[in-house]
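J.: Could you have a look at this structure, given as structure tokens, before my questions?
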Amino acid sequence: MKQKYMRIQGRENSWITKYPKGVFSLCWNLIRDSAMSPEDEQLFRDIDNWFKENLPEPEPCKNQECVITFFKTATTTEMQEKIAPAIALLDKYNKPYDIVYTNYVGTIAYEDDWQIAVKVDGGVMV
């Protein structure tokens, strides 16, 4: 069975959603903590800018609602290639993460061609 959704997430919870932080939050936290070299920070900023320029930011995310995002596996081959260097940064800086594939998500609060945002309450998809 082919899984429809994919999420790269850490093993520490977001203070907003109480759900594991996503790959972007994990990398921003490394920058905030001054853990990345200047070259790696620039690499991540370039990745982040590419996503901002090429992928719509879900409205619930802009509003800091309790949602988490998943890539759609059927349409995101290019995105998975673009995010691979960020995953390599997590490896380089020993930041644990999991790549989760699933067909089972909660209430979809946002959807476009490449991603979904799912409602979360108390750390649980609803």
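Every number in this text was worked out from the coordinates using simple rules, so none of it is lab data. On a predicted model such as this, the values are computed, not experimentally measured, just so you know. For neighbour counting, all protein chains shown are included, and Cβ atoms are generated from backbone atoms with ideal geometry for every residue, glycine included.
J.: Collect the residues in the range 16-31 that are within 20 Å of Pro60 (Cβ to Cβ) and among the β-branched types (Val, Ile, Thr), keeping them in residue-number order.
T.: Correct list: Ile16, Thr17, Val23.
J.: Within the range 108-122, track down each residue that is in contact (Cβ under 8 Å) with a residue 60 or more places away in the chain and within 19 Å of Glu78 (Cα to Cα). It would help to see each step written out before you state the result.
T.: The initial filter retains those residues of the range 108-122 that are in contact (Cβ under 8 Å) with a residue 60 or more places away in the chain, namely 115-116, 120, 122.
Selection gives Gln115, Ile116.
J.: Further question on the same structure: Please work out if Asp91 is touching a helix residue (DSSP H, G or I) at 6+ places or on another chain (Cβ under 9 Å) and more than 17 Å from Tyr5 (Cα to Cα).
T.: Numbers: touching a helix residue (DSSP H, G or I) at 6+ places or on another chain (Cβ under 9 Å): no; more than 17 Å from Tyr5 (Cα to Cα): yes.
No, not satisfied.
J.: Can you confirm whether Val105 is surrounded by 12 or more Cβ atoms within 10 Å (Cβ to Cβ), in a loop (DSSP other than H, G, I, E, B) and in contact (Cβ under 8 Å) with a residue 12 or more places away in the chain? Let's see the steps before the verdict.
T.: Numbers: surrounded by 12 or more Cβ atoms within 10 Å (Cβ to Cβ): yes; in a loop (DSSP other than H, G, I, E, B): yes; in contact (Cβ under 8 Å) with a residue 12 or more places away in the chain: yes.
Yes, satisfied.
J.: Take the conditions within 24 Å of Asp113 (Cβ to Cβ) and without any contact (Cβ under 8 Å) to a residue 40 or more places away in the chain and apply them to Ser37. Does it pass?
T.: Details: within 24 Å of Asp113 (Cβ to Cβ): no; without any contact (Cβ under 8 Å) to a residue 40 or more places away in the chain: yes.
Spelling it out, it is not the case that Ser37 is within 24 Å of Asp113 (Cβ to Cβ) and without any contact (Cβ under 8 Å) to a residue 40 or more places away in the chain.
J.: Right, something else. Determine whether Glu81 is acidic (Asp, Glu) and over 22 Å from Lys2 (Cα atoms).
T.: On the way: acidic (Asp, Glu): yes; over 22 Å from Lys2 (Cα atoms): no.
No; evaluated as a whole, the condition is false for this residue.
Residue-wise test of (1) more than 13 Å from the chain's Cα centre (by Cα); (2) not charged (D, E, K, R).
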| residue | (1), (2) |
| --- | --- |
| Gln9 | no, yes |
| Ala35 | yes, yes |
| Glu41 | yes, no |
| Pro58 | no, yes |
| Lys72 | no, no |
| Thr77 | yes, yes |
| Asp91 | yes, no |
| Ile99 | no, yes |
| Asp113 | yes, no |
